[in-house]
1. Which of the residues belonging to the stretch 248-281 are farther than 29 Å from P236 by Cα and of a type in the set (A, V, I, L, M)?
2. Select from the stretch 42-80 the residues that are charged (D, E, K, R) and in contact with a Leu (Cβ under 9 Å, 6 or more places away or on another chain) and write down the one among them that is farthest from A200 (Cα to Cα).
3. Looking at A230, A203, which is the one that is at pLDDT 95 or above and of a type in the set (A, V, I, L, M)?
4. For the stretch 365-376, check the following and say yes or no: at least one residue is within 30 Å of E430 (Cα to Cα), in contact (Cβ under 8 Å) with a residue 40 or more places away in the chain and more than 21 Å from the chain's Cα centre (by Cα).
5. Identify, from the list I436, I451, the residue that is surrounded by 14 or more Cβ atoms within 10 Å (Cβ to Cβ), within 30 Å of the chain's Cα centre (by Cα) and closer than 22 Å to P194 by Cα.
6. Just one of F306, F313, F318, F353 is in contact with a Pro (Cβ under 8 Å, 6 or more places away or on another chain), more than 30 Å from I399 (Cβ to Cβ) and touching a residue at least 40 places away in the same chain (Cβ under 8 Å); which is it?
7. Name the single residue, out of those in the stretch 293-328 being β-branched (V, I, T) and part of a helix (DSSP H, G or I), that is farthest from the chain's Cα centre (by Cα).
8. From the list G91, G103, pick out the single residue that is small (G, A, S), within 14 Å of F168 (Cβ to Cβ) and out of contact with any Gly (no Cβ under 8 Å at 6 or more places or on another chain).
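The values are calculated or read from the model by the stated rules, or taken from the named source; none is laboratory data. Since we're looking at a predicted model, the values are computed, not measured. Here the Cβ is made from the backbone with ideal geometry for all residues, glycine too, and neighbour counts use every protein chain on show.
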Amino acid sequence: MQPDALNPIEKRTAFSLSLVFALRMLGLFMIMPVFAIYGQDLIGYSPLWVGFAIGAYGLTQALLQIPAGMLSDKFGRRPVIFGGLIIFAVGSLVAAYSDSVYGVTAGRALQGAGAIASAILALAADVTREEQRPKAMAMIGVSIGLAFAVAMVAGPVLAPFIGLQGLFLITAAGALAGIVIVHFVVPHVVNKAPRGETIAIPALLGRLAKNPQLQRLDAGIFILHMTLTAMFIALPLQLQEMNLAAEVHWHLYLPALLISFTLIIPMLITAARKNMNKQFYLFAILLMAGSLIAMALTSQSLTLMFICVLLYFTAFNFLEASLPAFISMISPAGAKGSAMGIYSTYQFLGAFFGGILGGLSYKLLGSSGLFLCLAALMLIWFFISWGMHNPSKVRTHTITALINDETDAQLKTQQLIALGGVIEVVMIIEEQTVYIKVNNQAFALKKAKEILANT
């Protein structure tokens, strides 16, 4: 086994938890491209309630994400994950058997109450070694993107045959399958990653919420998911008005998504290699704004609308992949779990408020007015992000080490700070853990480990 490769237990953990995450996100996303059309037979249907129903999961998810992570740290990852998946399944059944938009909204809110994302990520961190942890997290991140892509196709393909009720029943089955996977496939390893890497720590939340660099990224994920949720209130109806039948909307979504994934790969590679993460990030925001403006001006040509959707998905997928990586790079040493908790809260709040914004804007301004409102939000995001530091060179290393006492901790901290490229060192004696935030191009990890190995 190569030291720079995942071992069999880590591979099994990463693949199985990625599948659980994907099944859950598939259920949340699958309703988005079809609800505005197939929900018209529900009692109380209106554009505003479409927005509430699509975005309702975001509010409960945002409120419970950090508390659920803390509970997993106290009572264990698996009980919290099992409980969250059961709640998610019950919410899916409530939505499936509701004949009103109000009942579907309640079901979606209950789905969101099964907030297990932080517990899943923490479990993945527990089982993987520090140097392999980023790979496991990346696999889970990729699974979310794939779930989104599959949902954009599966929803329009399945809805004509099984309706909204069938989609929600599939979602419930996916949650139950997730329980089986966690119980029988995910390795039962007794280990716990350092808390600062995985779980939000209450004492840090206030300080991190005031960090200007993190604020820009939190505002970004809020606007990104607000825009996504709001757009899918109008886009399916706009495509229908352009004489594209609902059951073939996937003919537009599938190639747009596949091409967009192809386009973002060279963007991500070039941004990382040339230390141009910020420049590509700002470009993607402007690209999304341009695509939304073009959508507002496109009312006849499906070819032009396809190009608009392609550009939108390219920008969205690039930003969705970049933002969590930036949070990880910029967050203070030992505070990544807390920073990600705040970030996730903003992400789900964006989905909730996007539903409200989309429903109101569509009702008052129509689809073109909604697209222009969303483009204006993207331009606001662009100006907010202008002062962001380029995160290309920053990385935090988490190292388990023997720290004898306070004197030993201070001595080793001084030695680490003296190394080239070190920005910040946090040493937690109780956890026997060292967090080192560095300029990765000037930092020698081997020397740091040699210092920590000395007793």
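1. L268, I269, A271, A272, M276
2. Restricting to residues being charged (D, E, K, R) and in contact with a Leu (Cβ under 9 Å, 6 or more places away or on another chain), the top hit is R78.
3. Testing whether each residue is at pLDDT 95 or above and of a type in the set (A, V, I, L, M) leaves just A230.
4. No, the stretch 365-376 contains no residue that is within 30 Å of E430 (Cα to Cα), in contact (Cβ under 8 Å) with a residue 40 or more places away in the chain and more than 21 Å from the chain's Cα centre (by Cα).
5. I436
6. The match here is F306.
7. Per the stated criteria, the residue is T303.
8. G103
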